[in-house]
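Participant: Have a look at this one before I ask anything.
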2 protein chains.
Amino acid sequence: MLKRYFPILEWGAQYSRATLSADMLAAVIVTIMLIPQSLAYALLAGLPPVVGLYASILPLVAYAIFGTSRTLAVGPVAVVSLMTASAAGAVAAQGSAEYLQAAITLAALSGVMLAVLGLLRLGFLANLLSHPVIAGFITASGILIATSQLRHVLGIAGGGENWPDMLTSLAQNITTVNWPTLVIGGLAVAFLFWVRKGFAPLLQKTGMSEKTAVMAAKAGPVIAVALTIVAVIVLGLADKGVKLVGAVPQGMPPFSVPSMNLGLISQLWVPALLISIIGFVESVSVAQTLAAKRRQRIAPDQELVGLGAANIAAAFSGGYPVTGGFARSVVNFDAGAQTPAAGAYTAVGIALASLFLTPLLFNLPIATLAATIIVAVLSLVDVKTPVRLWRYSKGDFAAHVATIGMTLLAGVEMGVISGVCVGLLLYLWKASRPHAAIVGRVPETEHFRNVERHKVLTLPHLLSIRIDESLTYLNARWLEEYVLERVAEKPELRHVILMCSAVNAIDATGLESLEAINHRLGDGGIGLHLSEVKGPVMDRLKDTHFLEELNGKVFLSQDSAWSQLASDDGSPAEPKDQYLARGMI
Amino acid sequence: MLKRYFPILEWGAQYSRATLSADMLAAVIVTIMLIPQSLAYALLAGLPPVVGLYASILPLVAYAIFGTSRTLAVGPVAVVSLMTASAAGAVAAQGSAEYLQAAITLAALSGVMLAVLGLLRLGFLANLLSHPVIAGFITASGILIATSQLRHVLGIAGGGENWPDMLTSLAQNITTVNWPTLVIGGLAVAFLFWVRKGFAPLLQKTGMSEKTAVMAAKAGPVIAVALTIVAVIVLGLADKGVKLVGAVPQGMPPFSVPSMNLGLISQLWVPALLISIIGFVESVSVAQTLAAKRRQRIAPDQELVGLGAANIAAAFSGGYPVTGGFARSVVNFDAGAQTPAAGAYTAVGIALASLFLTPLLFNLPIATLAATIIVAVLSLVDVKTPVRLWRYSKGDFAAHVATIGMTLLAGVEMGVISGVCVGLLLYLWKASRPHAAIVGRVPETEHFRNVERHKVLTLPHLLSIRIDESLTYLNARWLEEYVLERVAEKPELRHVILMCSAVNAIDATGLESLEAINHRLGDGGIGLHLSEVKGPVMDRLKDTHFLEELNGKVFLSQDSAWSQLASDDGSPAEPKDQYLARGMI
């Protein structure tokens, strides 16, 4: 029980020397990758770069204690950073103390929400985000993020929360381009794109193994950072208008306290919920993919607790919302991390960096960080998915496009909310008109098939309807209409058989609709029969008065229903009495 | 086509003399019943009594043109009147011109919404109101309405939008009871209760036929109205503090115009939507029940248009939101109405009443109207449903109780919204963890059954999972977890067969989950196979790359899958190549 809530007790008990060295190696590699990334994502979130380092220390330790994935690497990620910027920007100006306070409070709210969802086992709510909605959101976020960073590469002022505003702002300020910044930024972008594709093959030519080469190529951003720092110093670019990171406070993360201001909380809880759910969905997908590769399992509800703890830790150590990142987790996995301890060692690495390396970052151009963001997020933009969705499912395509459109035009929050609403409406619409078929007997067999797809026997006084769905309140009204319309088309009808082989459950509304159909058919002198009712469904029906009131019988098989009712095409009798006499169920 | 939007063209063409006399008779009976009811419900809505008469004239004509039910009687009803009082009371004080304007605007908004929902064929949205939610709402509304009218019977001041407030207000004012009012009101309540039960049998004893007696008993409220007017005049009760209806304007409905004030509309659109949906659900249930009795059909989407037209008519003729009422529709049906023309004739009857009878109503005690409301709505309170729901389905019970509780404590709007949310959350929760079973072969047959319910054969290297639900984004994550957990339990596993006999559809998220399962199983050297895939599902899968990437085969039947894979328990090979060699689908 304790192990369920503290997975560290599970893997910690078996911790060996071999695991230690594997975890340490992975931690070194992830640390090198994480330093420029943390600085860059903090910039994207509109926060001082050092906040990115703070968000990569205690949260990793907290996740190592509570998380269930052996290899997930937690920290600042692009999409959540953008959402943080959007939410904090709505309550305070970037650069103000209130803005930082809002980011810290977002982390706290998100942490509490994640932990509560996990403890209440409400992880299923994340299901409301379908793949098309997530894919649309991530594509649109990638476009938004890349656009938002363009100004840093151009060395101009600007802003905007949505795409039209960002583009307008860029267009207005384009005349004030700072050329040295653009050269540095442009070269960094070009270098980083090349590193992604061409660096690993080059390293391999020097005799490095493929795996090591791919791993070494992940240090590309670190090289870009080092080279541009040197360039700034050598060429004296600080005097030529190139914006630099400047003084970064040296030392361990400060102790911070989230705001208890109810007004602020009421403004931030919706974005915090969205950050939580988006972060959870991203994180759990990565964790599941990696776990499956080693035939391990993660516990999604405990993952909520782990991510919740990480965010609460972020809130109390000057950080901002974090989650499991895709790229860094893959690096952690490939570098051979065996347990969440690798995350804790990474935290030590980042802590050492924030103690000793920060003075070196003084001359780092903002444009370099912007370049690392642009190159990282452009890989998020996925142009194949809309094409694939259009071909596979128009409804999913609609949800995808609605999410992209609303995210670009109205920002991240409206984007996610619209996607969820469109997806849910389409789902409910489909659920409210499930598949059903009029079936007839395949000649000389006991099988019954759809009359529209097969050559089957039917009888004018007997209507067999197969319902391919559980009867719930969403389709109850449809059921009434469907049955009564089919009945209205057949004036000679005496019996209706509902074939329930695919009915897994009948809720109270479904039951009332069956009762209504029974009474209405009874008023018209038509018997209602059920066939192939599943065991658990029948058990529940037996507890009600429905079977007593049924103007007909319940048959074990559709075949026996057909056989017994086929001959009963006589004069309009009272079906109920007739079946009562025969011994109704 | 034209007939679809103007059903009057359909039945009007066949209108005969016999139909005319039947409709006229029904109209006379419904008019007599409707006069006191319209006055009382306007009172309940916090409006001058004459507004109830106005709402029973033009809306009936509009419904006769656009509605599809032959016998639905439209006009003010109790629940919608209460909702009107709640919504209008939130923006203006009862008795003010703004309050009446708000009621008229509600009718207009509700009319437009209904008509738009109908034209867009969005009637399925009404499905979100499950029977337990509607039943809970109606029970709670009955309690609220009866409580709200108690003060009129007691002759005291008071108010309140929810039950605790109403009870507090009653308790505070109870010392100021007006005894003559209480006597009149109490006697009226007692008389009306007796009329419901004892009047028809008494009339039958005088030799009247049962049907006529029941019909005549519906005139009970008219008798109560007449008797109490006489009592007021004879006993001079006006001077003893008994509140009277007073001067009712004589004449036809005035031309009124709904407000175009955007501020007002933004306050009223949510209640208007709720009024529309509740009104539609109530109305369409009544209409369907009555139509089925005569083997007629109604068109729900056109019903939305009909009710929309009725409400727009109400808005332009000084009325307030209307819908199809249960009691009056049954009376109309029983009195032999054949076509919607009966409603138009009723409108003429009410118009004559508002022209000539209103002076007679001067001495009508408010307490009499309150008594007719109390007796009418107490029949709405249903104590059996919660018991039944508790026994049948705990989830439905929860939605029912949440609706009752929230309606009583927080008012009608929050009640409906909470009920819908609780119902939807429970539905989504269930949809996110559908039924699935590990199946094995029933010995010496081709049948496969749940291993937990039947004695069946299984093999250690072969896992057959039957999924009893379509694969959608709501259960995609569950599917991944379910399959991978089952796989993790079986170390010797080489093949997984998903038996898809109950999978009616696979959406894009479901497909991605299948792909993820396929890749993860492939990473572990396990083959994924599908069996009994339905034709339409297979057609769509063929358009994707899924079948090419599948580490296994698609089998027509579970039996052939079992037969072919049962023997393949050899050394860990590469399943994909193996099946490619065998000629994969």
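The values are calculated or read from the model by the stated rules, or taken from the named source; none is laboratory data. Here the structure is a predicted model, which is why all the values come from computation and not from measurement. Every residue, glycine among them, receives a Cβ derived from its backbone with ideal geometry; neighbour counts consider all protein chains shown. To get the accessible areas, we keep the full protein, side chains included, count just its heavy atoms, and leave off ligands, DNA and RNA. Shrake-Rupley method; radii C 1.70, N 1.55, O 1.52, S 1.80 Å.
Participant: List pairs: first in the stretch B:94-109 and within 12 Å of B:Pro258 (Cα to Cα) and open to solvent by 10 Å² or more (accessible area, probe 1.4 Å), second in a helix (DSSP H, G or I) and β-branched (Val, Ile, Thr), Cβ under 7 Å, 6+ apart or cross-chain?
Facilitator: B:Ala108/B:Ile312; B:Leu109/B:Ile265
Participant: Assigned by TED's automatic domain parsing to the domain that holds A:Leu530, open to solvent by 30 Å² or more (accessible area, probe 1.4 Å) and modelled with pLDDT of 90 or more: which single residue out of A:Arg441, A:Arg477, A:Arg453, A:Arg449 fits that description? Break it down into steps so the answer makes sense when it comes.
Facilitator: On the way: A:Arg477 fails: modelled with pLDDT of 90 or more; A:Arg453 fails: modelled with pLDDT of 90 or more; A:Arg449 fails: modelled with pLDDT of 90 or more.
It is A:Arg441.
Participant: Would you check if B:Leu154 is in the same structural domain as B:Val30 (by TED's automatic domain parsing) and surrounded by 18 or more Cβ atoms within 10 Å (Cβ to Cβ)?
Facilitator: On the way: in the same structural domain as B:Val30 (by TED's automatic domain parsing): yes; surrounded by 18 or more Cβ atoms within 10 Å (Cβ to Cβ): yes.
Spelling it out, B:Leu154 is indeed in the same structural domain as B:Val30 (by TED's automatic domain parsing) and surrounded by 18 or more Cβ atoms within 10 Å (Cβ to Cβ).
Participant: Now for a separate question. Within the stretch B:284-313, track down each residue that is within 13 Å of another protein chain (Cβ to nearest Cβ) and over 18 Å from A:Ser432 (Cβ atoms).
Facilitator: B:Val286, B:Ala287, B:Thr289, B:Leu290, B:Ala291, B:Ala292, B:Lys293, B:Arg294, B:Arg295, B:Gln296, B:Arg297
Participant: So, B:Ser317, is that one within 14 Å of chain A (Cβ to nearest Cβ) and among the polar types (S, T, N, Q) or not? Talk me through it step by step, then tell me what you get.
Facilitator: Working: within 14 Å of chain A (Cβ to nearest Cβ): no; among the polar types (S, T, N, Q): yes.
No, not satisfied.
Participant: Among the listed residues A:Gly251, A:Gly236, identify the single one that is free of Cβ contacts under 8 Å to residues at least 40 places away in the same chain and open to solvent by less than 50 Å² (accessible area, probe 1.4 Å). Break it down into steps so the answer makes sense when it comes.
Facilitator: Values: A:Gly251 fails: free of Cβ contacts under 8 Å to residues at least 40 places away in the same chain.
Answer to the check: A:Gly236.
Participant: Given the condition open to solvent by less than 10 Å² (accessible area, probe 1.4 Å), in a helix (DSSP H, G or I), in contact with a helix residue (DSSP H, G or I) (Cβ under 6 Å, 6 or more places away or on another chain) and modelled with pLDDT of 85 or more, answer yes or no: does some residue in the stretch B:480-495 qualify?
Facilitator: yes
Participant: Output the helices (runs of 4 or more DSSP H) that fall wholly within the stretch B:104-221 and possess 1 or more residues being within 14 Å of chain A (Cβ to nearest Cβ), or say none. Explain how you work it out, then say what you get.
Facilitator: Details: elements: B:131-154, B:163-173, B:179-194, B:200-205, B:210-217.
Qualifying helices (runs of 4 or more DSSP H): B:131-154.
Participant: Would you confirm whether or not the stretch B:195-218 contains a residue that is closer than 21 Å to B:Pro36 by Cβ and at pLDDT 90 or above?
Facilitator: First pass over the stretch B:195-218, keeping only residues closer than 21 Å to B:Pro36 by Cβ: B:195-200, B:202-203, B:212-218.
In the following step, the residues that additionally are at pLDDT 90 or above were identified as none.
No, the stretch B:195-218 contains no residue that is closer than 21 Å to B:Pro36 by Cβ and at pLDDT 90 or above.
Participant: Let me ask you something else. Which of the following residues is within 30 Å of B:Leu268 (Cβ to Cβ) and under 33 Å from the mean Cα position of the chain (by Cα): B:Leu192, B:Leu150?
Facilitator: Numbers: B:Leu192 fails: within 30 Å of B:Leu268 (Cβ to Cβ).
Of B:Leu192, B:Leu150, the one residue that is within 30 Å of B:Leu268 (Cβ to Cβ) and under 33 Å from the mean Cα position of the chain (by Cα) is B:Leu150.
Participant: If we keep just the residues of the stretch B:498-512 that are within 7 Å of another protein chain (Cβ to nearest Cβ) and open to solvent by 20 Å² or more (accessible area, probe 1.4 Å), which is farthest from A:His131 (Cα to Cα)?
Facilitator: B:Ala502
Participant: So which of A:Gly349, A:Gly325 is farther than 30 Å from A:Asn162 by Cβ and either surrounded by 24 or more Cβ atoms within 10 Å (Cβ to Cβ) or touching a residue at least 60 places away in the same chain (Cβ under 8 Å) (or both)? Spell out the reasoning first.
Facilitator: Numbers: A:Gly325 fails: farther than 30 Å from A:Asn162 by Cβ.
On inspection, the qualifying residue turns out to be A:Gly349.
Participant: Under the condition of being within 11 Å of chain A (Cβ to nearest Cβ) and under 21 Å from the mean Cα position of the chain (by Cα), which residue from the stretch B:420-438 is most open to solvent (accessible area, probe 1.4 Å)?
Facilitator: Among them, the one singled out is B:Leu425.
Participant: I've got another one for you. Just the residues that are of a type in the set (Ser, Thr, Tyr), open to solvent by 20 Å² or more (accessible area, probe 1.4 Å) and under 18 Å from A:Ala566 (Cβ atoms), please, taken from the stretch A:456-474.
Facilitator: Taking the stretch A:456-474 and keeping what is of a type in the set (Ser, Thr, Tyr), we get A:458, A:464, A:470, A:472-473.
Subsequent filtering for residues that are open to solvent by 20 Å² or more (accessible area, probe 1.4 Å) retains A:458, A:472.
Selection gives A:Thr458 alone.
Participant: Then there's this: If A:Ala92 meets every condition in (1) assigned to a helix (DSSP H, G or I); (2) at pLDDT 90 or above; (3) not acidic (Asp, Glu) apart from one, which number is that one?
Facilitator: (1)
Participant: Could you check how many residues of the stretch B:446-487 are polar (S, T, N, Q) and either in contact with a Cys (Cβ under 6 Å, 6 or more places away or on another chain) or within 14 Å of chain A (Cβ to nearest Cβ) (or both)? Step through it out loud before you land on a result.
Facilitator: Filtering the stretch B:446-487 down to residues polar (S, T, N, Q) leaves B:450, B:458, B:464, B:470, B:472, B:475.
Retained after the next criterion (residues that are either in contact with a Cys (Cβ under 6 Å, 6 or more places away or on another chain) or within 14 Å of chain A (Cβ to nearest Cβ) (or both)): B:450, B:470, B:472, B:475.
Going through the stretch B:446-487 one residue at a time, the tally reaches 4.
Participant: A further question follows. Given the conditions (1) surrounded by 15 or more Cβ atoms within 10 Å (Cβ to Cβ); (2) over 18 Å from the mean Cα position of the chain (by Cα), report the number of the one that A:Ser141 does not fulfil.
Facilitator: (2)
Participant: With the requirement that a residue be aliphatic (A, V, I, L, M) and in a loop (DSSP other than H, G, I, E, B), what does the stretch B:65-80 give you? Steps first, answer last, please.
Facilitator: Taking the stretch B:65-80 as the starting set, the residues that turn out to be aliphatic (A, V, I, L, M) are B:65, B:72-74, B:77-80.
Across the stretch B:65-80, the qualifying residues are B:Leu72, B:Ala73, B:Val77.
Participant: Would you confirm, using the coordinates I've provided, whether B:Asp301 is touching a helix residue (DSSP H, G or I) at 6+ places or on another chain (Cβ under 6 Å), assigned by TED's automatic domain parsing to the domain that holds B:Tyr54, open to solvent by 10 Å² or more (accessible area, probe 1.4 Å) and in contact (Cβ under 8 Å) with a residue 12 or more places away in the chain?
Facilitator: Details: touching a helix residue (DSSP H, G or I) at 6+ places or on another chain (Cβ under 6 Å): yes; assigned by TED's automatic domain parsing to the domain that holds B:Tyr54: yes; open to solvent by 10 Å² or more (accessible area, probe 1.4 Å): yes; in contact (Cβ under 8 Å) with a residue 12 or more places away in the chain: yes.
Considered against the rule, which asks whether it is touching a helix residue (DSSP H, G or I) at 6+ places or on another chain (Cβ under 6 Å), assigned by TED's automatic domain parsing to the domain that holds B:Tyr54, open to solvent by 10 Å² or more (accessible area, probe 1.4 Å) and in contact (Cβ under 8 Å) with a residue 12 or more places away in the chain, B:Asp301 comes out as yes.
Participant: For the stretch A:304-321, give me the residue count where each residue is open to solvent by 10 Å² or more (accessible area, probe 1.4 Å) and either assigned to a loop (DSSP other than H, G, I, E, B) or not aliphatic (A, V, I, L, M) (or both). First the steps, then the outcome.
Facilitator: Going residue by residue through the stretch A:304-321, those that are open to solvent by 10 Å² or more (accessible area, probe 1.4 Å) are A:305, A:309, A:312-313, A:316.
Applying the additional criterion that residues be either assigned to a loop (DSSP other than H, G, I, E, B) or not aliphatic (A, V, I, L, M) (or both) yields A:316.
Residues meeting the conditions: 1.
Participant: Further question: Filter the stretch B:359-380 down to the residues that are surrounded by 15 or more Cβ atoms within 10 Å (Cβ to Cβ) and outside any helix (DSSP H, G or I) and list them by number.
Facilitator: Selection gives B:Leu364, B:Pro365, B:Leu380.
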